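Only one structure is covered here, and it is reproduced in the block below.
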């Protein structure tokens, strides 16, 4: 095991061990946090179960009682006495202390986000990204939480007077920590969304950006040419100075259960949604469709798949379905489609092709 | 802080685990001791956890987790029993290895794990050893252990967490 793997393994082990401890005497809210942590990654499930098993085995530790407590106490006391010579004996000591804060930061990141990939580029931007099929949660230094959906990427910069996030790809749900002095702004090419303390989802689709508000209020400013604003171009990692957000006449305030669709051109459509929680069902890897076309349904599914489901021939895209699916389980969709006598579903391995059955 | 320290040995995680011991514990014990991948199990348990309604899960996360895991281990075993043994040397070796895994009489894995834990214990700093022995071997509560070791309850808890994590890493490193 190399040094880096070792450090990582130690952090994972420490995290799993902490959860075993917490769940031994959970306080209100611990269960919820524990479940959220488990649902972040199979690795967390694995590490927790193994740690629980280890803890169980510790119940029979030193059954022969060969260890003598007194001698351990004596050894401890020796360690407590200050030994100035020790730093000479262990030259690594001070260096080790120096990387501790970095390790702690890594621990926080791991605790929150598993393998979310992180890099620090110019101007203090941090980038987080997920692979296809992967979802990650991470907590920002201001206490805000970002849930990153499949195949998505954000860049974050927390400054003294603003918190800026660029959604570079995909979809993210933001739970913004309340801070009136530091507006929280999310930029896409199409719009800038500004919040103080709230919960909202931003999804960069091929045809524009969709903003859905779960709690509180946000302010949306379109950026396309029709909106006549440069607002959403915003600051950018690796893009020089960039412009700052500017409020325009095109801005609109959105409340809970409202959803805005902003086109590339800059037009904005706002509608009330009864089931705004459907929008963020992705966090539980559920896909919910209410009378949506197969074209829409399959393109949602394909966000989670390395091998896309393909629709062949005319008339297939427009067929309308309603259903709740497991994003990881394309079989559930295939089974539903296979029941439709009008459709033929061909699979070979991971490749799935759906077409209209020819009479 | 002082208020609700758990009773010595009977903590919730331990109790929930004992309810589901047996197959699951044997399965996991082998993997803790040999740093073998428990990825297949974790993947399957993870996928099923995602299907449980959050409200149900939050009410009793440990029971759900361990219940699902026990179920999956049982399914793994059934699948193995129904697999044909082909005369492919690799496959046969693999099946032999697995049959040992699932059908080992009684507690072989746990016993081995305990031996390895006893050895690993000696590699911990004295304070961590002391705390583990007081809490796990002698069954003292955290506040009793704090009194015995002259440390704060908080430190005891911290050392238990750290010691367990270190043991896990040591076990993963020593074949």
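Taken together, the values in this text are just the output of simple stated rules run on the coordinates, not laboratory data. What you are looking at is a predicted structure, and each value in this text was computed from that prediction instead of being measured. In this analysis, Cβ positions are derived from the backbone assuming ideal geometry, glycine residues included, and neighbour counts consider all displayed protein chains.
For segment A:285-356, give me the percentage of DSSP beta bridges that are antiparallel, rounded to the nearest 5 percent.
75 percent
Across peptide B:137-145, what mean number of C-beta atoms from other chains lies inside 10 Å of a residue's C-beta?
2
Placing pseudo-labels 7 Å out from each Cα toward the beta carbon at residue A:25 and residue A:74 gives an inter-label distance of 3.3 nm. For segment B:122-175, the percent of C-alpha pairs falling in each 10 Å distance bin, counted from 0 to the bin holding the largest distance, reads 27, 52, 17, 3. Using the Cα coordinates of segment A:285-356, the gyration tensor eigenvalues translate into equivalent-ellipsoid semi-axes of 16, 15, 11 Å, sorted from longest to shortest.
Taking every residue in B:53-61, how many Cβ atoms of other protein chains lie within 10 Å of its Cβ, on average?
4
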